[in-house]
Each structure stands twice: as structure tokens, then as C-alpha cells.
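Have a look at the structure below, then the notes.
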Amino acid sequence: MLHIKSALDSERFDLVEHDLTEVGFHIIENVITDDEADEAREAIWKLVEEDIENGFDHSYGDGKIRRVWAIVGKSPIFRYFIQHPTVVAVWKRMLGEDVIASTFTANIVGPGAPDGGWHIDYPYWAMQSPFPSGSITGQTVWMLDDFTEENGATACIAGSHKTLRRPELGEAEGLESSVAVAPKGSIMFTNGAIWHQSRANQTDKPRVGLLGMYNRSVIYPQEDMPRQLTDDELAGESDVLKQLLCRNIPFHHPDHGQNFHRTESGFRQA
């Protein structure tokens, strides 16, 4: 059974909010145990094998960086992680009580992988600058291995989210960056507009993490979150998970003046 720690105290939440607003990122160490991290890591490698067997090659960076998409419905541990109370509490504070999940994926930086290139996250990369000020999306990086200077840990440029634009080609290369060095089981929260990249993995072992993005409810999610669990699978899950998977967002019917909710395959009357 997954051990879930209680949410942070108000003083720490104030610090998280300050750092996400002013710096653009914040790390909380040892949110989950090593056993929980190992369970998730093992599940990811099984999904990688399934992807390869089914002809899905979601890799880049000379084939040494790999993503596994749409994982919420593929193992119970991911359903625990996506609605972890500390994570949900942080994003409710930053993005509103009606926060939704935009995507939840695995990211593997393999041995010899190059850096991932400086970028910003969805939906900012789909928007014209200047971006709106304030937070509209945030990323949650679950560290399933120790993140180190050598093994491809995420690097961020503090304060870059305040530029309200994407970095120009080569612009970020000479700027000072902070590397997310932290032990396995930690989480890094980031403002989605911060300039960041996965660093090159100079070791002989892969670095595995999970990426959970959360949006204000008015932002269309990057993945089709409502279809990641069937109606039957979702029936016994929490209201929090149903909210994160966008299952309780009302859609207005143009002819009948009624609200409809998403299902696994279409809509139902609210």
C-alpha cells in the first residue's frame, strides 16, 4: 500500500508559493519512500518494453531520451502520484481550486544522452509572447532516481519565467542555471514558463523521472486526460482524481441548454 505523507504546513506552503512566483522552481525532498519510487520505476520499464513491442518509439536525443505517455491508467501507483495531497495542495494554491492535470508521463534520460535543449512547457510553447503574467500551468518532476550533476538532472534559469517569452536560439547557453540535485523520492515544482532543460547524462545508468503537469481549468490539457481511465475504472476513484482527469468540467450543449460531462468515449448529461 502506498504511503502518502500529509500535506505541508502553512509556512512551507508560503515558501513554495514564493519560490514558484519569484524564482520559478522549488524542491521538496523525500516526499515518497525509496520503495515507492522503485515500484513506479519498475512499472515504467515494463511500459517501455510494451511500447517497443507495439512499435511506439517515443524517443529523441539520438534515441537516448525516452518518454512514456498516458500512464495514469496503466498502473495504480501513477494514480496515487497524480493526486498526491502535497502536489494537489501546491497546485490548488498556485492554479486554483479547480486545477486539472494536463499530462502525466515518464521521462528517461539514458546513458550518454545529450542535454534536452532549453525550452518552456505547454501551453506556453503554443502561445505568442508576451505570455500572460501569473501562473497558468506548472510542472511536477518526480525523482525516481537520485538527480545529480552528472546523470541528467533538470536545470532551470531562475527568474526566466518573468520574461514572459520563450528563449531565443542560443540565448540561454551563457546564463547561470541551477541544477535540480536531490535524492530519489523528491519532487521539483516549476512554473511552466521557466527556461529549463534536462542535462546530459554522463553516467552509465539511466535517470528516470515522472512529469506531471497541472493547468488552470480554462487551459485545454496537452494529453486526452479524460480517456486515461474507463468509466468503470474511475467509478471507485476519488473526486480529486475525477477532477484532475477533467471528468467534472461542464460542457454546454448549444441546442438544449444543458451541461454535459466527459466520459471515456463521449459525453453524458450532467
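The values are calculated or read from the model by the stated rules, or taken from the named source; none is laboratory data. Every value quoted in this text rests on a predicted model; they were computed, and no experiment measured them. Virtual Cβ from ideal backbone geometry, glycine too; neighbours counted across all protein chains shown.
Counting residues in region 34-47 that are over 17 Å from T103 (Cα atoms) and β-branched (V, I, T) gives zero. Checking the stated criteria, S75 turns out not to satisfy the condition of being without any contact (Cβ under 8 Å) to a residue 60 or more places away in the chain, touching a Lys or Arg at 6+ places or on another chain (Cβ under 6 Å) and small (G, A, S).
Across region 130-184, the number of residues qualifying as of a type outside the set (S, T, N, Q), part of a strand (DSSP E or B) and farther than 25 Å from Y80 by Cβ comes to 3.
Please pick out the residue among A113, A40, A101 that is surrounded by 22 or more Cβ atoms within 10 Å (Cβ to Cβ), touching a Pro at 6+ places or on another chain (Cβ under 9 Å), modelled with pLDDT of 95 or more and not in a strand (DSSP E or B). Show your work before the answer.
Values: A40 fails: touching a Pro at 6+ places or on another chain (Cβ under 9 Å); A101 fails: not in a strand (DSSP E or B).
Result of the check over A113, A40, A101: A113.
Out of all the residues in region 219-241, which are within 17 Å of K92 (Cα to Cα) and either buried (at least 16 other Cβ atoms within 10 Å of the Cβ) or among the hydrophobic types (A, V, I, L, M, F, W, C) (or both)? Answer for region 219-241, where residues must be within 17 Å of K92 (Cα to Cα) and either buried (at least 16 other Cβ atoms within 10 Å of the Cβ) or among the hydrophobic types (A, V, I, L, M, F, W, C) (or both): I219, P221, V240, L241. For residues that are in a loop (DSSP other than H, G, I, E, B) and touching a residue at least 12 places away in the same chain (Cβ under 8 Å), scanning just region 48-62, find the one that is surrounded by the most Cβ atoms within 10 Å (Cβ to Cβ). Selected residue: G61. Take S238 and tell me if it is small (G, A, S) and in contact with a strand residue (DSSP E or B) (Cβ under 9 Å, 6 or more places away or on another chain). Considered against the rule, which asks whether it is small (G, A, S) and in contact with a strand residue (DSSP E or B) (Cβ under 9 Å, 6 or more places away or on another chain), S238 comes out as no.
Taking every residue in region 3-30 that is modelled with pLDDT of 95 or more and pairing it with any residue that is aromatic (F, W, Y), at least 6 positions away or on another chain, the pairs with Cβ-Cβ distances below 8 Å are V16/F189; D19/F25; L20/F189; F25/F189; H26/F189; I27/F189; I28/F189. Of all the criteria given as (1) in contact (Cβ under 8 Å) with a residue 60 or more places away in the chain; (2) of a type outside the set (G, A, S); (3) closer than 27 Å to D34 by Cα; (4) in contact with a helix residue (DSSP H, G or I) (Cβ under 6 Å, 6 or more places away or on another chain), the one not satisfied by V68 is (1). Number of residues in region 200-218 that are charged (D, E, K, R) and surrounded by 24 or more Cβ atoms within 10 Å (Cβ to Cβ) equals 1.
Of all the numbered requirements in (1) closer than 23 Å to A193 by Cα; (2) buried (at least 16 other Cβ atoms within 10 Å of the Cβ); (3) under 16 Å from the mean Cα position of the chain (by Cα), V23 misses one, and that requirement is (3). Against the numbered list (1) surrounded by fewer than 20 Cβ atoms within 10 Å (Cβ to Cβ); (2) of a type in the set (K, R); (3) part of a strand (DSSP E or B), K92 comes up short only at (3).
Each residue in region 194-241 was checked for being in contact with a Leu (Cβ under 6 Å, 6 or more places away or on another chain) and either outside any strand (DSSP E or B) or free of Cβ contacts under 8 Å to residues at least 40 places away in the same chain (or both), and 3 pass. Pairs meeting the criteria (first residue in region 148-175 and more than 21 Å from F189 (Cβ to Cβ), second residue of a type in the set (S, T, N, Q) and part of a loop (DSSP other than H, G, I, E, B), beta carbons under 6 Å, at least 6 apart or on different chains) are E150/Q202; E150/T203; R165/S129.
A search for C-beta distances below 9 Å between a residue of region 242-270 that is surrounded by 14 or more Cβ atoms within 10 Å (Cβ to Cβ) and any residue that is part of a strand (DSSP E or B) and at pLDDT below 70, counting only pairs 6+ apart in sequence or on different chains, returns F260/F267; F260/R268; F260/Q269; H261/F267; H261/R268; H261/Q269; R262/R268.
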